[in-house]
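Each value in this text was obtained by applying a stated rule to the coordinates, not by laboratory testing. These numbers were taken from a predicted model, which means no experiment stands behind them. Heads up, the Cβs are rebuilt from the backbone with ideal geometry, glycines too, and the neighbour counts pull from every protein chain shown.
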Amino acid sequence: MVNSPHSLSGINAAGRSPHVFIGLPVYNGARFLAKAVDSLLAQRYRNFTLLISDNASNDETQALCERYAASDERIRYIRQPKNIGAPANWNFVADQAEGKYFKWATANDECSPDMIEECVKALEADPSAVLCQGKTCLVDEESDAREIYHKDLALLDERPSSRLYDLCVRLALNNGQSGLIRLSALRRTGLDRPYPDGDIPLMAELALLGKFIVLPEVMLYRRMGPSTFACLLAKEQFGAFYGDQAAQTVGSHRLRQHLEIMGAALRLPANWSEKLASLKVALRRLAWDRENVMQDLRQNFGAR
């Protein structure tokens with residue numbers, strides 16, 4: 001099947017639309033997977049590849065994915081031989097990406113049909129931006145009750161240190177990770193880390209590299225509940241979520257997170273004045289979080 005062209009918005013000077021790579025990591029996601037994939041296939045923007053990486057699911061995920069891969073040549077399906085953990089699976093699909101823009105998708109969430117098209121248009125118009133998303137609607141996984149989320153994070157300051165500060169102070173739900181990301185910028189990050197809140201250093205690295213755009217329309221419908229939101233995982237689900245990496249996630253992960261953000265500040269491709277300003281923000285964040293860091297360290301050393 002030949003990909004049909006989308007509307008003229010987003011077409012580059014050579015007359016071709018920028019290629020978008022969508023990575024969908026999944027583990028036992030059969031409950032909502034069909035709705036998630038259908039929302040991607042319904043995108044008005046057609047020039048994309050969808051890679052689904054199945055983290056050794058033991059529900060109906062494999063059968064669903066195989067049916068979708070057989071029905072649309074844009075879909076690639078890979079089944080991991082064992083559970084490699086959620087962060088590693090998220091990183092796997094990013095490592096496979098090609099093209100100009102990348103989007104992480106999940107087996108739980110749905111996107112509006114114009115999401116990719118509008119985000120491509122915004123990023124093409126502003127080379128200083130590395131991420132674009134729309135507003136988010138939170139969806140209760142049991143009742144389907146819906147509520148607009150009003151704290152999606154736009155970072156539009158020209159100074160990397162100011163963007164990092166805004167991220168440190170204002171980031172709550174990390175809906176931006178499901179936005180459209182400039183792949184060249186993503187390649188300069190350490191991706192997701194194998195510990196709780198391991199997405200925060202990634203977002204800090206992206207914020208240091210460029211602006212975050214939030215479009216005014218709702219474009220992400222994010223399901224929230226015990227089976228779809230990692231922060232609500234029960235203890236017995238922890239090992240399945242992190243796989244073989246589970247043992248590495250306990251202990252002093254907060255300190256590791258802070259050190260990674262400091263390292264990102266020092267690697268910032270800017271003058272030393274801006275590097276030091278960004279490092280100061282990272283150190284202030286550590287100071288704000290010092291009680292939690294010390295508690296983690298005490299628990300870690302106390303368990304040895």
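Listed highest first by mean packing, meaning other Cβ atoms within 10 Å per residue, what order do 265-274, 45-54 come in?
By packing density, highest mean first, the sequence is 45-54, 265-274.
How many angstrom lie between the C-alpha centres of the range 61-88 and the range 179-222?
23
So, R0 is 22 Å and r is the distance between the beta-carbons of Ala42 and Ser71; what FRET efficiency does that work out to, to 0.05?
For R0 = 22 Å, the calculated efficiency reads 0.95.
With only Lys, Arg, Asp and Glu charged, each at its Cβ (+1 for the first two, -1 for the last two), find how big the charge dipole of the range 247-302 is about the Cα centre; round to the nearest 20 debye.
My answer is approximately 100 debye.
Which value in nm describes the separation of the simple spin-label points at Lys280 and Glu217, placed 7 Å from the Cα toward the beta carbon?
4.2
Which GluC sites (Glu not before Pro) does the range 124-221 hold that lie in a coil by DSSP with at most 14 other beta carbons within 10 Å?
Passing sites in the range 124-221 are Glu142, Glu158.
Can you find, among Ser128, Leu24, Ser53, the residue sitting farthest towards the positive end of the charge dipole of the range 20-240, where Lys and Arg contribute +1 and Asp and Glu -1 at Cβ?
Ranked along the dipole, the leading option is Ser128.
Long-range amide H contacts for Arg79: which residues qualify at under 5 Å (H placed 1.01 Å from N, peptide plane, sequence gap of 5 or more or a different chain)?
Amide H neighbours of Arg79, under 5 Å, 5+ apart: Asp54.
If you project the alpha carbons of the range 247-302 onto the principal axes, what extent comes out on each, in Å, largest first?
Between the extreme Cα coordinates on each principal axis of the range 247-302 lie 42, 22, 11 Å.
I'd like the FRET efficiency for Leu156 and Lys35, computed as 1/(1 + (r/R0)^6) with the beta carbon distance as r and R0 of 30 Å, rounded to 0.05.
Efficiency at R0 = 30 Å is approximately 0.40.
Determine, for each peptide in 95-102, 76-83, the mean count of other beta carbons within 10 angstrom over its residues, then list the peptides with the highest first.
Working: 95-102: 17.6, 76-83: 14.9.
Descending mean neighbour count gives 95-102, 76-83.
Here are some pairs, Lys35/Lys100; Lys135/Lys280; Lys211/Lys275; Lys211/Lys280; which of them have Cα atoms lying more than 22 Å apart in this structure?
Lys35/Lys100; Lys135/Lys280
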